[in-house]
Structure formats: structure tokens, C-alpha cells
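The values are calculated or read from the model by the stated rules, or taken from the named source; none is laboratory data. The shown structure was predicted, so the numbers you read here are calculated from the model rather than taken from an experiment. Methodologically, a virtual Cβ is constructed for each residue, glycine included, from the backbone with ideal geometry; neighbour enumeration extends over all protein chains shown. These area figures cover heavy atoms from the full protein model, side chains too; ligands, DNA and RNA do not enter into them. Shrake-Rupley method; radii C 1.70, N 1.55, O 1.52, S 1.80 Å.
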Amino acid sequence: MRECGLSEEEVFSILAEKKAEDLSHCSILSSMCTLPHPVAVRAHILFLETNLGDPGLFPGTAEIEQRLVGLFGALYHLPGAAGYASSGGTESNIQALRIAKARRSVERPNVVVPASSHFSFEKACRMLGLEMRTAPLGADLRMDPAATEVLIDDATVGLVGVVGTTEYGMVDPIPALARLAEEHDLFFHVDAAFGGLVVPFLPDPAPFDFALAGVSSIAVDPHKMGMSTIPAGCLLVRDRDVLDLLNVDTPYLTVKQEYTLAGTRPGAPVVGAWAVLEHLGREGMRAVVAGCMENTRRLIEGLEAFGVERAATPDVNVATFRTASAPPGWRVSFTRRGDMRIVCMPHVTGDVIERFLVDAEAHYV
Ligand code: PLP
């Protein structure tokens with residue numbers, strides 16, 4: 001650290017230079033995050049200094065966090081669902097597996113996750129000393145319930161299904177998995193980090209939420225399709241008591257116990273998340289999702305017209321293609337199988353897709 005500080009101008013000139021090195025969202029087609037909605041930015045700035053880690057000091061912010069939980073509970077057919085705002089899908093998934101492990105005391109516990117699950121489950125299992133059993137996918141790239149059941153034994157404490165897989169945008173057969181969870185008394189966590197703010201707004205939504213008796217918890221990330229500022233995730237649980245399994249004493253805070261993973265937690269993105277969803281309502285979210293799905297279809301049909309085959313017909317706005325090369329100047333990603341992957345987030349507008357298709361024609365044809 002410097003002995004004598006820089007002037008504010010000097011600091012901001014360095015920052016401006018570094019910011020200019022970051023990519024512009026116009027060319028980013030690989031991210032599940034997007035530009036924050038202006039309402040989220042405004043709310044974020046207003047609550048910049050708030051800390052949900054000590055909620056007694058910020059009761060207004062804490063109330064908005066519970067309103068966000070209530071909003072998701074109602075959206076997921078369980079208005080009384082409990083939960084809290086996390087830093088994102090990784091934290092929510094870790095916490096869900098902590099609950100699954102704490103709920104049952106068995107030697108060498110294991111959890112069953114789909115082969116398509118996000119790498120956060122690998123982190124969670126390593127941290128928690130859980131064996132991660134990977135269930136194969138069917139030809140449709142969705143978790144295969146029959147193959148999943150084979151992996152369940154007396155030491156299985158948790159089951160995971162995904163709504164909107166990271167790589168191919170598929171929704172697992174949650175009703176069949178929920179039945180398995182009930183039959184085997186498993187904590188069933190639905191990772192809807194991405195699809196949790198897409199599927200409910202589709203014209204014919206696949207069932208995935210607390211309306212299914214076997215679903216124990218749901219992860220959803222407002223900082224993905226919810227257009228909040230980063231970081232904003234949410235973990236919801238059917239049964240409030242399971243959160244208490246994670247409690248530790250917090251002697252010097254305004255609350256005496258805490259089940260969250262992080263201590264200090266920013267209120268700003270949480271308030272931003274709630275503000276956007278309140279502002280848009282279901283009607284507004286349906287419009288956002290319809291636009292992203294339309295752009296996904298247009299992209300798939302457009303590239304197929306140039307002879308680039310789709311790798312899957314996705315359930316959510318993630319398009320994948322059987323090609324290992326992308327038109328220059330665009331930031332796409334590639335799946336573990338080597339397919340090109342494009343996430344049609346809200347910042348990937350119809351105009352962006354058309355510009356990409358012009359470059360794609362020159363590249364592929
Ligand atoms: N779960 C799914 C399905 C995801 O797609 C992602 C990230 O893309 C995560 C979890 C992890 O979310 P985060 O990066 O916000 O921790």
C-alpha cells in the first residue's frame with residue numbers, strides 16, 4: 001500500500017482505463033448475467049451501505065429481503081416458503097447440500113446430481129465431504145429418473161434436479177424426481193438459478209416448484225434473468241426448520257443466531273432484485289422472457305439456415321450448436337462436449353442477433 005495516497009482524479013483515471021479494457025455487453029453472448037435494469041441500479045445506489053448480516057441495524061432492508069422471499073414463495077406456489085438472499089447459485093447450492101447433510105446422520109453420505117449440474121455442486125461436495133454421484137442424462141439431455149434411482153442407496157441424503165441447465169438450457173423431469181425424493185425420503189433441491197426466472201413466464205411452464213410435494217428447496221438467481229445488480233441469489237425452503245439446522249451463535253450481532261453462509265451481506269443488490277420484480281410484475285417478466293425466447297428461436301433457425309446444426313432444442317434461452325468455431329469479434333462459449341453456446345440474455349436484443357447472423361453468414365457459408 002502507498003505511503004501517500006493518490007488524488008481522487010488519479011484513482012479514477014486508472015479505473016477508467018481499466019474499465020475500458022472490459023468487454024462491452026454488446027458482444028457478450030456467453031454470459032448468464034446481463035446489464036442490470038435501471039430500476040435495480042437506482043435501488044442499489046440507495047441501499048449501498050446496508051448490511052443484511054446484521055439485520056437489526058437495517059430493519060427496512062431486512063424487510064425487503066423477506067418480501068423478496070415472499071415474492072418467490074408466491075411465484076413457486078408456497079406463499080409461506082422460508083429463505084434468504086444469497087450471493088448467487090453457488091452459495092444457494094452449497095447451503096442446500098449443507099441442509100441435506102445436516103438433516104440425516106449417516107456414514108459416508110452421498111448426493112445424486114445430474115451430469116448436467118453446475119460445477120458449484122462439485123465445490124459443495126468437496127467442502128462438505130459428500131460423495132457426488134452423477135446421474136446420466138437421457139438422449140434429450142435431461143436427467144434420467146430410472147438411471148437416477150439406481151444410484152440412490154441408504155447413504156443418499158440429497159437429490160438435485162436442474163431447471164435451465166447451464167450448458168444446454170434443459171429442464172430436468174422435476175415431477176418424476178420429486179416422486180423419487182418422496183419415496184426415498186431425500187432432501188430434493190431444485191437448482192433453478194437460471195430457469196427460475198424463465199420457466200414461470202413461459203406460455204406452458206413445466207412444473208418444477210413447491211406445488212410438487214417432493215421439492216424441498218429451490219435456488220433462483222435474480223442476477224441472471226432477474227436483471228438485478230450482482231450479487232443476488234435466493235434460496236427458498238419448504239420447511240423453515242431446516243434452516244435452523246445450519247444455525248451458529250452470533251454473540252455480538254443484533255440477531256443471536258445465523259444460518260447464512262456469508263456474514264456481512266450486501267443489502268443493495270437484494271433490494272435491487274426486489275425492485276425490478278415489483279416494477280415489472282408477472283406481465284413485464286413474461287414480455288422479457290418472450291423476447292429472449294423469440295431471439296433464441298431466431299438464432300437457432302438463422303444458424304441452421306447457414307448449415308450450422310443445433311445441438312439441442314432448449315427449454316430456456318440457451319442456444320447450442322454443433323460447431324467449434326464462432327464468427328470473429330463475438331464472445332461465445334463452448335460446452336464440455338465442444339458445442340458453441342450462446343445465452344440470449346435481455347442485453348442480447350433482436351438487433352444483436354441480426355448483427356451476429358450477418359457475421360455468421362460470412363463465417364460459415
Ligand atoms: N446453477 C446454475 C444452473 C447456473 O447456471 C449457475 C451459473 O451459471 C450457477 C448455479 C452458479 O451461479 P453463480 O455463478 O451465481 O454462483
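Brief remarks follow.
- Some residue of the range 183-200 being within 16 Å of the ligand (Cβ to nearest atom), in a loop (DSSP other than H, G, I, E, B) and of a type in the set (Gly, Ala, Ser): yes
- If you go through the range 115-127 and keep only what is under 23 Å from Glu149 (Cβ atoms) and more than 11 Å from the ligand (Cβ to nearest atom), you end up with Ala115, Glu122, Cys125.
- Gly214, sole failed condition from (1) farther than 17 Å from Ala82 by Cβ; (2) within 14 Å of the ligand (Cβ to nearest atom); (3) in contact with a Lys or Arg (Cβ under 8 Å, 6 or more places away or on another chain): (2)
- Any hit, the range 332-351, residues being open to solvent by 70 Å² or more (accessible area, probe 1.4 Å), hydrophobic (A, V, I, L, M, F, W, C), over 26 Å from Ala40 (Cβ atoms) and at pLDDT 95 or above: yes
- Any hit, the range 139-151, residues being free of Cβ contacts under 8 Å to residues at least 12 places away in the same chain, more than 16 Å from the ligand (Cβ to nearest atom) and under 20 Å from Arg336 (Cβ atoms): yes
- Members of the range 211-238 found to be part of a loop (DSSP other than H, G, I, E, B) and open to solvent by less than 10 Å² (accessible area, probe 1.4 Å), listed by number: Gly214, Val215, Asp221, Pro222, Met225, Gly226, Ser228, Ala232
- Within the range 84-133, the set of residues being more than 18 Å from the chain's Cα centre (by Cα) and of a type in the set (A, V, I, L, M) comprises Ile99, Ala100, Ala102, Val106, Val111, Val112, Met127, Leu128, Leu130, Met132.
- Filtering the range 61-113 to residues that are within 16 Å of the ligand (Cβ to nearest atom), polar (S, T, N, Q) and farther than 16 Å from Thr260 by Cα leaves nothing.
- Checklist (1) open to solvent by 50 Å² or more (accessible area, probe 1.4 Å); (2) within 30 Å of Ile99 (Cβ to Cβ) applied to Arg322, failing item: (2)
- Yes/no for Ala312 being out of contact with any Cys (no Cβ under 8 Å at 6 or more places or on another chain), under 23 Å from Pro173 (Cβ atoms) and open to solvent by less than 60 Å² (accessible area, probe 1.4 Å): yes
- Test: residue in the range 247-267 that is of a type in the set (A, V, I, L, M), within 16 Å of the ligand (Cβ to nearest atom) and not assigned by TED's automatic domain parsing to the domain that holds Ile28: yes
- Where a residue in the range 103-114 is within 14 Å of Ala147 (Cα to Cα) and its partner, wherever it lies, is open to solvent by 40 Å² or more (accessible area, probe 1.4 Å) and of a type in the set (Ser, Thr, Tyr), with Cβ under 7 Å and at least six apart: Val113/Thr134
- Scan the range 109-140 for residues that are assigned to a loop (DSSP other than H, G, I, E, B) and among the acidic types (Asp, Glu) and the total you get is 1.
- Pick from the range 131-148, criterion surrounded by 17 or more Cβ atoms within 10 Å (Cβ to Cβ) and of a type in the set (D, E, K, R), ranking: nearest to Val242 (Cα to Cα): Arg133
- Within the option set Ser87, Ser120, Ser92, being in contact with a Pro (Cβ under 6 Å, 6 or more places away or on another chain), of a type in the set (S, T, N, Q) and at pLDDT 95 or above holds for one residue only, Ser87.
- Residue list for the range 159-176, filter: in contact with a Leu (Cβ under 6 Å, 6 or more places away or on another chain) and either outside any loop (DSSP other than H, G, I, E, B) or at pLDDT below 95 (or both): Leu159, Gly161, Pro175
- Summed over the range 256-272, the residues that are farther than 21 Å from Arg240 by Cβ and within 19 Å of the chain's Cα centre (by Cα) give a count of 6.
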